[in-house]
Amino acid sequence: MQSQLGLSIMPMNSLTACTGLPPLLVRTLIHAFTKPGESVLDPFCGGGTTAIESIAHGRYSINSDLNSLACFVTQARAWPLGRNSFRAYLRWLRDAKTVLSFSSSVEAVPLVVSDLYRYAPSTHGILLVLRDSARQLKDAGARRFALLTVLRLGKLAFDCRKNPPNPRLLANSLDAIGATYSERMESYSRICRNRWSQHTRGRARLKVFCTDSLGLHHRLGDLADNVTLVLTSPPYPRVHMLYHRWQVYGRRETSLPYSLLQLNDGMRASGYTMGSRHKAADGPYFRSIEAVYRGLGRVLSGNVIVAQILAFAEPKVQLPLFCEAMERAGFVELLPRAGTRDRISRAVPHRRWYAYLAGTTPSTQEFLFIHRLDSRSRSATVNEWTGKH
Ligand SMILES: C[S@@+](CC[C@H](N)C(=O)[O-])C[C@H]1O[C@@H](n2cnc3c(N)ncnc32)[C@H](O)[C@@H]1O
């Protein structure tokens, strides 16, 4: 299992620092625990890997994330484009390349970063021009996919770069990204068209809530009835992840991803990781996990399966705490081999350059957890929920 993970229909590396779910594992779990026409729920959707694999394989996809950036990326990646939208995107891509070939005439606008350092004016200026041209696209699907391309270009040019970006790097990157994105979106949309006969049906299968998963069960309504699998990767407890910032020129932080998309940000790093890196954050973190799943356990069907990938800053302490939180929420763990505590695991990919300097640490091991609702505790919680005794 360790080495096979990674083949994907839309292999767009994560657009922020999240460790994307391994597509092949997601596909395997979708086939193992759901049938076509059923729904897969991802309450921490991040870059939308679960959404893409679900829709491409004939399942409804319901997603949530409290990070507006993650919701945009999931919507843009998992929304199959119609032929007209795709043509509109390809026209935009061609025009974008023309803008880059005349980059010297583009107004230079410095990117002001965390310590007010003014950075890469010409490259940043070009990104803003490309962003504005993408926003002018009338077709919603093409506009979103073009903005996703600009976001990816911005990440490649700015995030964790040792050397400042320049317009020539941007031009080369746009060629590469444009080619990969159009080829992948074309194949994904074709798969959806073939699978759903008209791709619009594929589109109607995607739902994205920009909300805190703590209150998600209040928003699902009758969408919950058809959910047979919750497939997700919550933030890792006390593991440092930057879901909402790019780091330029060493580790100066910038909210450029949000300003590029003109999205609301407004939270500190710990707001996106369900708590800080301090030991004291464990209590609130595991109480939140319990509350999220207790809420979902009340509204989802009794035979729902929950599959999650997590890593821990301190597995010896936190892994048992996670299992207890799921138990208190009314779920029973299904282990690969009964009677053993062996779990499927892998090393965390896509770590930032400075994380690799730390070498192999406890938090570089991700574990797969599979749970089902405990029917005994379910009747108790549902009665509690519906007030029946
Ligand atoms: C590990 S990432 C998910 C990665 C995703 N599975 C993928 O394949 O790209 C965790 C996500 O949880 C989101 N998140 C953190 N706290 C949340 C909360 N309380 N409610 C909803 N989403 C939350 C973060 O914004 C982040 O996108």
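The values are calculated or read from the model by the stated rules, or taken from the named source; none is laboratory data. Since the model is a prediction, treat every value here as computed from it, not as a measurement. Cβ sites come from the backbone with ideal geometry, for glycine too, and all protein chains shown count toward neighbours. Accessible surface is based on the protein model in full, side chains and every heavy atom, while ligands, DNA and RNA are left aside. Shrake-Rupley method; radii C 1.70, N 1.55, O 1.52, S 1.80 Å.
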Is there any pair with a first residue in segment 154-180 that is under 17 Å from residue 134 (Cα atoms) and in contact (Cβ under 8 Å) with a residue 24 or more places away in the chain and a second that is outside any helix (DSSP H, G or I) and of a type outside the set (Asp, Glu) whose Cβ atoms are under 7 Å apart and which are 6 or more apart or on different chains, and what are they?
-> 155/15; 155/246
For segment 250-302, enumerate the residues that are farther than 30 Å from residue 116 by Cβ, among the β-branched types (Val, Ile, Thr) and under 21 Å from the mean Cα position of the chain (by Cα).
-> 289, 292
Pick from segment 250-276 the residues that are of a type in the set (Ser, Thr, Tyr) and buried (at least 18 other Cβ atoms within 10 Å of the Cβ): which of them is farthest from the ligand (Cβ to nearest atom)?
-> 254
By residue number, the members of segment 82-141 that are outside any loop (DSSP other than H, G, I, E, B), open to solvent by less than 70 Å² (accessible area, probe 1.4 Å) and farther than 23 Å from residue 172 by Cα are 85, 140, 141
Mind listing whichever residues of segment 156-176 are assigned to a helix (DSSP H, G or I) and farther than 17 Å from residue 254 by Cα?
-> 167, 168, 169, 170, 171, 172, 173, 174, 175, 176
Among the residues of segment 302-331, which ones are under 24 Å from residue 224 (Cα atoms), at pLDDT 90 or above and exposed (fewer than 14 other Cβ atoms within 10 Å of the Cβ)?
-> 303
Give the residues of segment 162-192 that are open to solvent by less than 20 Å² (accessible area, probe 1.4 Å), within 22 Å of the chain's Cα centre (by Cα) and not small (Gly, Ala, Ser), sorted by residue number.
-> 177, 181, 185, 188, 192
Any idea how many residues of segment 180-231 are within 18 Å of residue 147 (Cβ to Cβ) and either among the aliphatic types (A, V, I, L, M) or at pLDDT below 90 (or both)?
-> 4
Taking segment 48-66 and keeping residues buried (at least 24 other Cβ atoms within 10 Å of the Cβ) and in a loop (DSSP other than H, G, I, E, B) leaves 48, 59
Contact list, first residue from segment 310-339 and farther than 19 Å from residue 274 by Cβ, second anywhere and loosely packed, with under 14 Cβ neighbours inside 10 Å, beta-carbon distance below 8 Å, six or more apart or interchain, is 330/380; 335/341; 335/342; 336/342
